[in-house]
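The values are calculated or read from the model by the stated rules, or taken from the named source; none is laboratory data. Only a predicted model underlies this, so the values are computations on that prediction, with no experimental measurement involved. Methodologically, a virtual Cβ is constructed for each residue, glycine included, from the backbone with ideal geometry; neighbour enumeration extends over all protein chains shown. When the accessible area is computed, the model is the full protein with side chains, heavy atoms only, and any ligands, DNA or RNA have been set aside. Shrake-Rupley method; radii C 1.70, N 1.55, O 1.52, S 1.80 Å.
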Amino acid sequence: MLSARRTSSSPAQACAPAHGARRLRRCLGGLGLLAWMLAAMPAPAWASEADVRAAQLVQRMPPEALHQLVQSYAMMGLKRQPPGSVGAAGYVSAQPAYGIPALQENDAGVGVNNYPIDVDARGWPIGVRGAAGAATPLPSPLGMAASWNPRLAYAGGAMIAGEARAQGINLLLAGGVNLAREPRNGRNFEYFGEDPLLAGSMAGAEVRGIQSQHVISTVKHFLLNAQETDRLALSADLGERAMRESDLFAFELAIEQGHPGAVMCGYNKVNGIYDCSNAHLLNDVLKRDWKYPGWVMTDWGADHGVSDALAGVDQVSGEDYADGAQGDGSFGAPLMRAIASHALPYARLQDMAQRVLRSMIANGLLDAAPAPKPLDALADAQVAQNVAAQTLVLLKNASGQLPLEAGVRHIALIGGHADVGVLSGGGSAQVWPIGGAAIKPEHPDLHDSASPWVVYDPSSPLQALRQRLPQTRIDYDDGRRPARAAALAKSADVAIVFATQWAAEGIDLPDLGLPEHQDALIEAVAAANPHTVVVLETGGAVRMPWLGKVAAVLEAWYPGARGGEAIADALSGAADPAGRLPTSFPQDESQLPRPRIGADDAVDYDIEGVAVGYKWFDRQRSTPLFAFGYGLSYTHFGYAHLQLAKQDGRVTARFEVSNDGDRAGVDTPQLYVDMPPESGEAPRRLAGFGKIALRPGERRTLSLSIDPRLFAVFDAATDRWRIGAGRYTVELGHSSRELVLHDDIALSAASLAP
Ligand code: BGC
């Protein structure tokens, strides 16, 4: 659109290479008349008010002012900080002459990350912004996805954005929506699971929540940053059709539903081309096909030269601060030289700046300055607890072992630092919690990944359980010595083992085993006490060689600021465990498309193609340990009267859900479309889900509308979604492997825009 503005050749010809910014401004001054004419033209019908305001602002701004918007400086306390920055992850300076505030960009996969900001004489971090911590960690996004409840993701997003704004932060690097293609990916805990509909809906809702507070959110990492090993160099190889129907579809849904102000391109390559140099992904798919109006920012250091601007990048992130000078990063002096030499059209710089400004305007950043205010820590913790309550997945409950009986006399609580806190994930999503970490991290040296921070949020399951079961004696053993723990377990009525698996950005998990001696610990305790319950605090799926020997298993992920309380509620029955798996749990690595995770130049994702997670298990006809969508409740639910109909051009499924047990509970009915075998697709796709709380005996009718793309395949040759004519079956069930009702409906052939 903007390239049309640069029709006059004379000012451009006057702009010889190697001329400085001032000269460039003079030589581009000839475009002023054109700008005025454009400003006088009526806005195109599609343009929102934000687009129009941004376009007008861009026309008033000289090249240096536009240029300031297209790179951010790295903060994190490790670099020199420009005046005005609050010390977050990235900073773009304010331009008061144009009413543009600074962008204060901060990580927020789980909550507001407080970067270490005080440094010692060597420049190494010794403190964090907000001293004792100033942020409330939510449960990890994978846990949030286990809630299958976008309303909770919205509430969580709004809460963390409120905390950000109170600290002067107006952009959150949240919305991680990479699919869990690789269960050993060290960042899966930051993402929303393996299915595009679930992940896209949850991320979209989180983004909407964040942006409801006048704080911009990203979605990241575009695209296929599905493992950390070799992430800066490896190529994620995947065919176009599979990519459109899976990893890209998750982003597409998150963007449609959340309208994030920015999209962050990742570190890796896709089909041999770096994410941030990938014109197909950025220009063709994101900006042309999806008509994305916001800006593309790079991940920190993921730029590969000024040509990234032609590929669709609008802003390079994390440059070294250059004392107000342009610096020699990709979009620093090299960008202005490229414009002067016409290697990069000036209109492209205008477009880049306009995209940044329209997202800032659309989210109210130019109209509502951040209002620093004290946090309401209690209210925020309550939000985290409400979310956590629906993230816990009860995987096994033999003979009704849980909930714990009120009259249980003696419980042995073992391991996982459950006396003081709950585990959190590491890396840029790490939150330094209000109240400080429950255990002082040893060697807090960010320069040394061998001594990472492992932070336990200060929410003690032991204390919370003692509160809920005041008549019960609860003894704690740290689990370091299995024999000692087993002796305690033997003396108790019930043993509860807390097992942990720490995961972090930058490091993949070597395998799906629980680290260290925890399997042996569980075996020893289970041998000593048949009433053994295992609570898992893990980044994602783990192997469970002891599963047959324990009575119950509760997956708690990284449960956040009030995780201990949420776990105690579920164990004691104060709350129904309402989570369902957002990712399949394999029996072991041999069931995966790639038994090993390797540091290779390329990863062949065409092995499974579109069949990510449960679709792979279905296609292979293999049985996972626990299926996608699975999770038990303390009550049981029935489904009846499934009926498909067409309504406003969409297929709608109506059905009745009943609580057939004698306790209140929360159900997650799931719809799956069976794809015709000739389509070449995996057997079934998640097509809709609900979340419903029911009293004992209560029944309600739900109506879910199915996105037409879930009946379609992507035709890469014509760049369209295509629905083949025929009858389609939709199944309703409790998980991807427990489908209880079905109905079918005839659809005519259709072709849908990408
Ligand atoms: C991560 C991003 C993060 C950025 C800024 C990168 O290493 O991949 O997710 O937003 O750092 O901290």
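Decide, for the stretch 353-393, between rounded, prolate and oblate: order the square roots of the alpha carbon gyration tensor eigenvalues as a ≥ b ≥ c, take rounded if a/c falls under 1.5, and otherwise choose prolate if a/b is larger than b/c, else oblate. Walk me through the numbers before you get to the answer.
Working: a/c = 5.80, a/b = 1.89, b/c = 3.06.
Judged from the Cα gyration tensor, the stretch 353-393 comes out oblate (a/c at least 1.5, b/c at or above a/b).
Antiparallel versus total DSSP beta bridges in the chain: what percent is that, nearest 5? Intermediate values should be presented prior to the final figure.
Numbers: 65 of 107 bridges.
Taking every DSSP beta bridge with both residues in the chain, the antiparallel ones total about 60 percent.
May I ask you to compute the full-extension gain from A97 to D376, defined as 0.36 nm times their residue separation minus their alpha-carbon distance, rounded to one decimal in nm?
Values: separation 279, 0.36 × 279 = 100.44 nm, distance 3.45 nm.
Taking A97 through D376 to full extension adds about 97.0 nm, to one decimal.
So which lysines can K287 reach, going by Cα to Cα under 18 Å and dropping same-chain residues fewer than 8 places off?
Within reach: K220.
Each label point is 7 Å from the Cα along the Cα-to-Cβ direction; what then is the distance between the points at I273 and E64, in nm?
Output for this residue pair reads 3.5 nm.
For the ranges 480-490, 188-198, 311-321, what's the packing order if you count other beta-carbon atoms within 10 Å of each residue, average per peptide, and put the highest first?
Working: 480-490: 17.5, 188-198: 28.7, 311-321: 23.6.
Result, highest mean Cβ count within 10 Å first: 188-198, 311-321, 480-490.
On a straight-distance basis, which aspartates and glutamates could pair with K615 in a cross-link, Cα separation under 13 angstrom, same-chain partners fewer than 8 positions away excluded?
K615 reaches E194, D195, E245, D674, E681.
Can you list the residues of the stretch 689-703 with backbone N under 19 Å from a point 7 Å past the Cα of H641, pointing along Cα to Cβ?
Correct set: 690-703.
Would you mind getting the accessible area per residue of the stretch 676-754, heavy atoms of the protein chains only, 1.4 Å probe, in Å²? Walk me through the intermediate numbers first.
On the way: 3610 Å² over 79 residues.
On a per-residue basis, 46 Å².
Packing-wise, with mean Cβ within 10 Å as the measure, how do 426-434, 94-102 rank, highest first? Before the final figure, lay out each step's value.
Numbers: 426-434: 24.7, 94-102: 15.6.
So the peptides 426-434, 94-102, ranked by packing, come out 426-434, 94-102.
Starting with the highest mean, order 383-396, 709-722, 526-539, 634-647 by the number of other Cβ atoms within 10 Å, averaged over the residues of each peptide. Provide the component values of the computation, followed by the final result.
On the way: 383-396: 25.2, 709-722: 17.5, 526-539: 23.6, 634-647: 15.1.
Ranking, from highest mean packing down: 383-396, 526-539, 709-722, 634-647.
Find out how many positive minus negative residues lie around W557, taking Lys and Arg as positive, Asp and Glu as negative, among other residues whose Cβ is under 14 Å from that of W557.
On the way: positive: R187, R562, R580; negative: E190, D457, E537, E555.
Residues close to W557 contribute a combined charge of -1.
Give the long-range amide H neighbours of G688: residues separated by 5 or more places, or on another chain, with amide H under 5 Å away, using H modelled in the peptide plane at 1.01 Å from N.
Residues meeting the criterion, in which the H sits 1.01 Å from N, are L671.
Taking R0 as 22 Å, what FRET efficiency do you get between R288 and A750 from their Cβ-Cβ distance, rounded to the nearest 0.05? Walk me through the intermediate numbers first.
Working: r = 21 Å, r/R0 = 0.98.
Taking R0 as 22 Å, the efficiency between R288 and A750 is 0.55.
In straight Cα distance, which lysines are under 18 Å from K490, not counting same-chain residues fewer than 8 positions off?
Within the straight-line limit of under 18 Å, K490 reaches these lysines: K549.
Using a 1.4 Å probe on the protein chains only, how many percent of the accessible area of the chain belongs to carbon and sulfur?
The C+S portion of the solvent-accessible surface of the chain is 53 percent.
Which residues in the stretch 497-520 have a backbone N closer than 20 Å to a point placed 7 Å from the Cα of K549 along the Cα-to-Cβ line?
Those under the cut-off are 497-501, 512-520.
For the stretch 611-659, what does the alpha-carbon gyration tensor say about shape, rounded, prolate or oblate, given a ≥ b ≥ c as the root eigenvalues, a/c under 1.5 as rounded, and a/b over b/c as prolate? Walk me through the numbers on the way to the answer.
Working: a/c = 3.35, a/b = 1.30, b/c = 2.58.
Note, shape of the stretch 611-659 comes out oblate.
With the crude spin-label approximation of a point 7 Å out along Cα→Cβ, what separation in nm comes out for E678 versus A406?
Between E678 and A406, the simple spin-label model gives 6.2 nm.
Please list, ordered by chain and number, the residues whose modelled amide H lies under 5 Å from the amide H of L404; skip anything fewer than 5 residues away on the same chain.
S572, G573
Enumerate the calculated ³J(HN,Hα) couplings along the stretch 169-176 in order (Karplus 6.51 cos²θ - 1.76 cosθ + 1.60, θ = phi - 60°), each rounded to whole Hz, writing x wherever the residue is Gly or Pro.
Ordered by residue, 3J(HN,Hα) equals 9, 10, 8, 10, 8, 10, x, x Hz.
Only bridges whose two residues both fall in the stretch 392-583 count here: according to DSSP, what percent of them are antiparallel, nearest 5?
25 percent
What length, rounded to one decimal in nm, is gained on full extension from D715 through to R621, with 0.36 nm per residue of separation minus their alpha-carbon distance?
Values: separation 94, 0.36 × 94 = 33.84 nm, distance 2.63 nm.
Result: 31.2 nm gained on full extension.
Based on DSSP H runs of at least 4 residues, each adding -39500 (n - 2.57), what is the mean residue ellipticity at 222 nm of the chain after dividing by all its residues, to the nearest 500 deg cm²/dmol?
Calculated mean residue ellipticity at 222 nm is -7000 deg cm²/dmol.
Relative contact order for the chain using alpha-carbon pairs under 8 Å, separation at least 6, rounded to a whole percent? Before the final figure, lay out the partial values.
Working: 1902 pairs, mean separation 102.7, N = 754.
Relative CO of the chain lands at 14 percent.
Can you give me the long-range amide H partners of F637? Hydrogens built in the peptide plane at 1.01 Å from N, cutoff under 5 Å, separation of 5 or more residues or another chain.
Counting only residues 5 or more places away or on other chains, the set is D660.
Quick one: accessible area per residue over the stretch 392-583, 1.4 Å probe, rounded to a whole number of Å²? Present the calculation step by step, with values, prior to reporting the outcome.
On the way: 6670 Å² over 192 residues.
Roughly 35 Å² per residue, with all protein chains present.
According to a simple spin-label model (label point 7 Å from Cα along Cα-to-Cβ), what is the distance in nm between A343 and E256?
3.9 nm
Using r as the Cβ-Cβ distance of A527 and D478, and R0 as 22 Å, what FRET efficiency do you calculate, to the nearest 0.05? Don't skip to the answer; put the middle values down first.
Details: r = 19 Å, r/R0 = 0.87.
Efficiency, rounded to the nearest 0.05: 0.70.
Rounded, prolate or oblate: pick one for the stretch 610-754, where a ≥ b ≥ c are the square roots of the eigenvalues of its C-alpha gyration tensor, a/c under 1.5 means rounded, and failing that, prolate if a/b is larger than b/c, else oblate. Walk me through the intermediate numbers first.
Numbers: a/c = 2.64, a/b = 1.56, b/c = 1.70.
Since a/c reaches 1.5 but b/c is at least a/b, the shape of the stretch 610-754 is classed as oblate.
Determine the sum of side-chain charges near P510: Lys and Arg each +1, Asp and Glu each -1, restricted to other residues whose C-beta is under 11 angstrom from that of P510.
Numbers: positive: R184, R596; negative: D508, D511, E589.
Taking every Cβ under 11 Å from that of P510, the sum is -1.
I need the phi-derived Karplus couplings for the stretch 281-286: 6.51 cos²θ - 1.76 cosθ + 1.60, θ = phi - 60°, integer Hz, Gly and Pro marked x.
5, 7, 7, 6, 7, 5
Quick one: Cα centre-to-centre distance for the stretch 550-572 and the stretch 199-237, in angstrom?
Distance between centres, Cα-based: 27 Å.
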